[in-house]
Amino acid sequence: MFITQIGNKNQLLVTAKMSNFGTDLSNEVKEHIDISNIDFYEPLPSTILRTSLFSILSFLKEKVLFNKSYSWGVNNLIKINDVSNFRINLMGYIDHSNQNTEYEYKYGGDVPFELNEKNKIKDYTQTYVPILTYELNSNHLYISNESRGSFSILNQDRDMISNDEQINQEIKNKPTYFQNSLSISYPKSVLIYQLKSFVRYYYNHEKMSLLNMTNDNMNNNELQYKTKNILTKNKVSTTLPLGKHSFDFNLLFNYKKNNWNLGDYNNLVNTKSINQELSAAFSPVLSYRYSDKGRFKIDVPIAYNKVNINPAGNSNTESGYVTIAPNFTINQEFNQYLSVKGLLAINKYNESDIFYSAAPYWLDYRTLYYGFDEIYARKTFRSSISVNYKHLASMFFCNFTVNYNSTDNSYLRDYIYNSDYTQIKPVPYKNTSKLLYTNFTADKTFINIGLSLKLSLDYNSYNYWLMQNGVATKNKSNTLSSSMNIIYQQIKWLKMVANINGNLNWQNNNYLSSTTTNLSGDISLFVIPHKKLSINLTHNSYINEVQPDQFKYFNLMNAEVQYSVLKQVNLNFKIDNILNNRTYSISYYNGLNFQSRVLPVRGREYLLSISYKI
């Protein structure tokens, strides 16, 4: 449902959606990353209890979820005067969904172990988001202020058979947050002064209940965790123009405080932990244009950082240090077709954790997690170069990018697997990880024959240290991916879209040498034999290597017909999964381990709908 009313001083928009075909309608209530303001993006704190296994592949999500989903929104824009307005948004989302999955884990290393699980998962989500936005945009002043709240209930009921043991796990989360984002720009003479501020308060009460659990290591079958988070990010800046060049002066102040409470956990007296982080920085930025087609930028932030942690049962641990994190970028245009961009950056910061605690705590029914009880440092070096070519007359575009990242860590997480439970412990260990990523894309359009081609090639090499059951080893992971997109539309009443994707992954370490191949392809035909009639046919095919040299095939065929009865009335008939294939399998290697997953897919489905436009 979509209703809008436009007046002289206000615009009202009302939307309502519902679905039981697995479609995700939660996008409206989620907080999205603002690329134009990436420095002020702060992700929401991670939940302590795990409610997801590994994520469902996006192209199959609508085929494996059985759900009833509802979303609604009210958006009212009020015009205050010619240069300012006020917006009120109210959004809601409710979802009941369930899925069945089968897992097989093979943990390698010095102590091999196998785990098999069958899961029946029921999720319930309820979220309400009010947003108030004020904007003023005049010749002398710009103000943008957004106040947002979020109130959610996230419940999961998970029945499983884990290595022949029947377990029921219930997790309940009630995350709530309030945040305010303010941006002010004030031009004065040749200078422009800017103020940005972000403040957020977050609270979450998490609860886990276990039934039929025979694990003696789980001393309490009902656990409760409480998290409070307060943070603020602030920046005051001005830009001094120097002819073709410019000088930016930035003052930054960031502060974060986390409070955790483990509740009555393992009969501990002190179960509260506190973590505080403060950063104050001065960041001068020089943007220098050395030619008409070339410029570079140097950013050298100098920051004082202070970290204080007070894990449950431990005395305070504090660290104060100064960092200089230079950042150099260059942009060179050689002509109207060819340009090059480059980046070099160095940074040092402390590594944050989900929870600082001297005592371990459970993430789910079998994962015992040891949080940080001391401060760990991390250093990063980043570099990249990108070559871009564009030729509008021939409609040919291509880009080649290389990224290299090196990270020095002061710890490793030790994953200890056994039949009863999994332990994850941080262990002091100096190690370096290196990531090399290359990407090539080419896009060519042949207008005279109505054909468009796009090719993408990616190579990813990741060398890193891992620790499992007390033994550290270096793992080399390589991934080669390719994709091709073809669009053909020479005939007015016919359009064809085809995609071909391939993925090859190989890993090497002291214990395991593995290779996994995945191929997928899809083709869609859009036929319009009559101005009132349209037909859409799609076919998806997947080939996954589930064991060495053993492949599983999966095919999906869908059909959709739309017919316009009247100008305001449309009929839509849809058949999903015509072949009635019911099982999808996928496997992959991760370090020393092998994981395999089987997903039951919804069978053949029919949908008849009628839409009416007023």
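The values are calculated or read from the model by the stated rules, or taken from the named source; none is laboratory data. Everything quoted here is computed from the prediction, not taken from an experiment. Cβ atoms come from the backbone with ideal geometry, glycine included; neighbour counts cover every protein chain shown. Note: areas computed on protein heavy atoms with side chains; ligands, DNA, RNA excluded. Shrake-Rupley method; radii C 1.70, N 1.55, O 1.52, S 1.80 Å.
Below are the figures for this structure:
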item: Hits in segment 219-247 - residues which are within 27 Å of Arg200 (Cα to Cα), surrounded by fewer than 18 Cβ atoms within 10 Å (Cβ to Cβ) and of a type outside the set (Lys, Arg); result: Gln224, Ile230, Thr232, Asn234, Val236, Ser237, Thr238
item: Inter-residue pairs, beta-carbon under 6 Å, first over 13 Å from Tyr337 (Cβ atoms) and open to solvent by less than 60 Å² (accessible area, probe 1.4 Å) and in segment 387-406, second charged (D, E, K, R) and at pLDDT 95 or above, 6+ apart; result: Asn405/Arg382; Ser406/Lys434
item: Which listed residue is out of contact with any Phe, Trp or Tyr (no Cβ under 7 Å at 6 or more places or on another chain), in contact (Cβ under 8 Å) with a residue 40 or more places away in the chain and farther than 30 Å from Ser419 by Cα, from Asn310, Asn305; result: Asn310
item: Residue that is farthest from Asn593 (Cα to Cα) [pool: residues in segment 506-517 that are open to solvent by 30 Å² or more (accessible area, probe 1.4 Å) and part of a strand (DSSP E or B)]; result: Thr517
item: Condition broken by Asn572, with the remaining ones in (1) modelled with pLDDT of 90 or more; (2) part of a strand (DSSP E or B); (3) among the polar types (S, T, N, Q); (4) surrounded by 16 or more Cβ atoms within 10 Å (Cβ to Cβ) satisfied; result: (4)
item: Lone qualifier among Ser483, Ser534, Ser514 - being within 24 Å of the chain's Cα centre (by Cα) and not hydrophobic (A, V, I, L, M, F, W, C); result: Ser483
item: Test set (1) open to solvent by less than 30 Å² (accessible area, probe 1.4 Å); (2) at pLDDT 90 or above - Ile578 fails condition number; result: (1)
item: All positions within segment 483-496 that are over 14 Å from Pro529 (Cα atoms) and open to solvent by 50 Å² or more (accessible area, probe 1.4 Å); result: Met484, Ile487, Tyr488, Gln489, Gln490, Met496
item: Tally of residues being over 30 Å from Leu392 (Cβ atoms), polar (S, T, N, Q) and open to solvent by 40 Å² or more (accessible area, probe 1.4 Å) across segment 414-462; result: 4
item: Matching option when the condition is in contact with a strand residue (DSSP E or B) (Cβ under 9 Å, 6 or more places away or on another chain), among the polar types (S, T, N, Q) and over 17 Å from Asp39 (Cα atoms), among Asn335, Asn316, Asn347; result: Asn316
item: Residue ID - most open to solvent (accessible area, probe 1.4 Å), chosen from residues in segment 583-597 that are among the small types (Gly, Ala, Ser) and under 22 Å from Lys476 (Cα atoms); result: Ser596
item: Count - residues of segment 92-124 that are aliphatic (A, V, I, L, M), assigned to a strand (DSSP E or B) and open to solvent by 30 Å² or more (accessible area, probe 1.4 Å); result: 1
item: Members of segment 423-479 found to be hydrophobic (A, V, I, L, M, F, W, C) and under 22 Å from Leu512 (Cα atoms), listed by number; result: Ile424, Leu435, Leu436, Trp465, Leu466, Met467, Val471, Ala472
item: Members of segment 598-610 found to be part of a strand (DSSP E or B) and either surrounded by 12 or more Cβ atoms within 10 Å (Cβ to Cβ) or among the aromatic types (Phe, Trp, Tyr) (or both), listed by number; result: Val598, Leu599, Pro600, Glu605, Tyr606, Leu607
item: Residue within segment 69-90 that is at pLDDT 85 or above, open to solvent by less than 40 Å² (accessible area, probe 1.4 Å) and part of a loop (DSSP other than H, G, I, E, B) present; result: no
item: Residue match in segment 336-354 (condition: modelled with pLDDT of 90 or more, open to solvent by 60 Å² or more (accessible area, probe 1.4 Å) and under 27 Å from Asn275 (Cβ atoms)); result: yes
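Quick grid of which residues meet (1) at pLDDT below 90; (2) farther than 30 Å from Thr445 by Cα:
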{"residue": "Ala358", "(1), (2)": "yes, yes"}
{"residue": "Tyr361", "(1), (2)": "yes, yes"}
{"residue": "Arg382", "(1), (2)": "no, yes"}
{"residue": "Val387", "(1), (2)": "no, no"}
